Amino acid sequence: MQKPQYAILRFAKYKGPEIGQIEAHNERKKEKYASNPDIDTSRSHLNFHLVQPERKYRAEAERQIAQAGCRTRKDSVRVVEMLVTASPEFFKGKKRAEVRAFFEEAVRFIERRQPKDTIISAVVHMDEKTPHMHLSFIPLTKDGRLSAKDIVGNKKKLTWWQDQFWKHMVRRWPNLERGESASETGRTHIPPRLFKEAAHLNRQRDMLMKLLGEVNPLNAKKKSAEIEALLERYIPGVERMQTQMRKYDTAYKALRAENAELKKQVDSSKESVRHRLEVSQQLQELEDLRRTVDNIPPEILQVYRSVPKFQKIER
């Protein structure tokens, strides 16, 4: 049975310093992407722009906002990012020109609903597992107001966006199914970056355990320096992850309860089975993330809490 092919549309809103971070990621301005193992830099030359940025994201946003005469606060949303992609199955067997056509159609979709000159950049990444486009725009309305709320909106407006996007794309690709928004499923969307951060933390943990096992009187000083440098990245990374994961505590509890109820059902229809699999997968993903931040090996904690400069190891 062929897997469903979904048209996928997500929004993210950015206010300040993080705008530079998303620009560095989208425009591939970093030399290394240690926290994002999905990026294969040997394939980055295959990435392409459908809208080329003329200035830095933040500078262009501030320029257009000032030109429109809009007042801003520190917490004003200055850039909205639209992530466009489809299920991996959709791209299988498609030539580069066919992949490009999909994203060009998505750009046409947003240009009909958002002033064209507010689009800062539209870049397609071909150097990760599934082709996807980051389209960044300034949330200026057609009447010149700065309002991400009016454009992206509440749950009702997000549902509208999903409907309109699917209706637009399905005209050309009839097999595409409509993606579900978090507002419709009642679940919190878990950003892919969290899974990438978790994978990175797991690799750091494994490296720390390896280094701790290699310490002996002859190499203690050298190994201690390596362990200290790695711990300075690993522990703060885990703490940041723990803070982010607290946002999903409610979703985790709700998924567990829903999963337990679904297991009791005997309905074997296609829709019911698909729903059970979806809930089970989301629950598994959250549990995997929780294990990453909750299970720091005691050996690592012991070293982290030891005296400065790891004098206990060096003895």
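Checking each residue in region 132-169 for being assigned to a loop (DSSP other than H, G, I, E, B) and surrounded by fewer than 19 Cβ atoms within 10 Å (Cβ to Cβ) picks out Thr141, Lys142, Asp143, Gly144, Arg145, Ser147, Val152, Gly153, Asn154. Among the residues of region 77-100, which ones are farther than 21 Å from Ala12 by Cα and touching a residue at least 60 places away in the same chain (Cβ under 8 Å)? Listed by number, the residues that qualify are Glu89, Phe90. Residues in region 82-104 that are crowded, with 16+ Cβ neighbours inside 10 Å and either over 16 Å from the mean Cα position of the chain (by Cα) or at pLDDT 95 or above (or both): Phe90, Phe91, Val99, Arg100, Phe102, Phe103. When you look at Ala225, is it surrounded by 11 or more Cβ atoms within 10 Å (Cβ to Cβ), in contact with a Ser or Thr (Cβ under 6 Å, 6 or more places away or on another chain) and not β-branched (Val, Ile, Thr), yes or no? Judged against the criteria, Ala225 is not a match. Could you grab the pairs with beta carbons closer than 7 Å, sequence gap of 6+ or different chains, first residue in region 155-169 and over 16 Å from Phe109 (Cα atoms), second one part of a helix (DSSP H, G or I)? Pairs found: Lys155/Ser183. Return yes or no: is Lys129 touching a helix residue (DSSP H, G or I) at 6+ places or on another chain (Cβ under 9 Å) and surrounded by fewer than 19 Cβ atoms within 10 Å (Cβ to Cβ)? Taking the combined requirement at face value, the residue satisfies it.
Does region 241-248 contain any residue that is β-branched (Val, Ile, Thr), assigned to a helix (DSSP H, G or I), surrounded by 14 or more Cβ atoms within 10 Å (Cβ to Cβ) and at pLDDT 80 or above? Before the answer, list the steps.
Keep residues of region 241-248 that are β-branched (Val, Ile, Thr), which gives 243.
Now restrict to residues that are assigned to a helix (DSSP H, G or I): 243.
Filter once more, keeping what is surrounded by 14 or more Cβ atoms within 10 Å (Cβ to Cβ): none.
No, because not a single residue in region 241-248 is β-branched (Val, Ile, Thr), assigned to a helix (DSSP H, G or I), surrounded by 14 or more Cβ atoms within 10 Å (Cβ to Cβ) and at pLDDT 80 or above.
Total residues in region 67-100 satisfying the condition of being of a type in the set (D, E, K, R) and either in a helix (DSSP H, G or I) or farther than 28 Å from Ile151 by Cα (or both): the figure is 7. Among the residues of region 101-121, just one is of a type in the set (A, V, I, L, M), outside any helix (DSSP H, G or I) and touching a Lys or Arg at 6+ places or on another chain (Cβ under 9 Å), namely Ile120. Within region 44-63, does at least one residue satisfy the condition of being surrounded by fewer than 14 Cβ atoms within 10 Å (Cβ to Cβ), out of contact with any Pro (no Cβ under 8 Å at 6 or more places or on another chain), closer than 16 Å to Lys142 by Cα and among the hydrophobic types (A, V, I, L, M, F, W, C)? No.
Of the residues making up region 64-76, those that are surrounded by 13 or more Cβ atoms within 10 Å (Cβ to Cβ) and either without any contact (Cβ under 8 Å) to a residue 24 or more places away in the chain or of a type in the set (Lys, Arg) (or both) number 0.
The values are calculated or read from the model by the stated rules, or taken from the named source; none is laboratory data. Since we're looking at a predicted model, the values are computed, not measured. Note: ideal-geometry Cβ built from the backbone for every residue, glycine included; neighbour counts use all protein chains shown.
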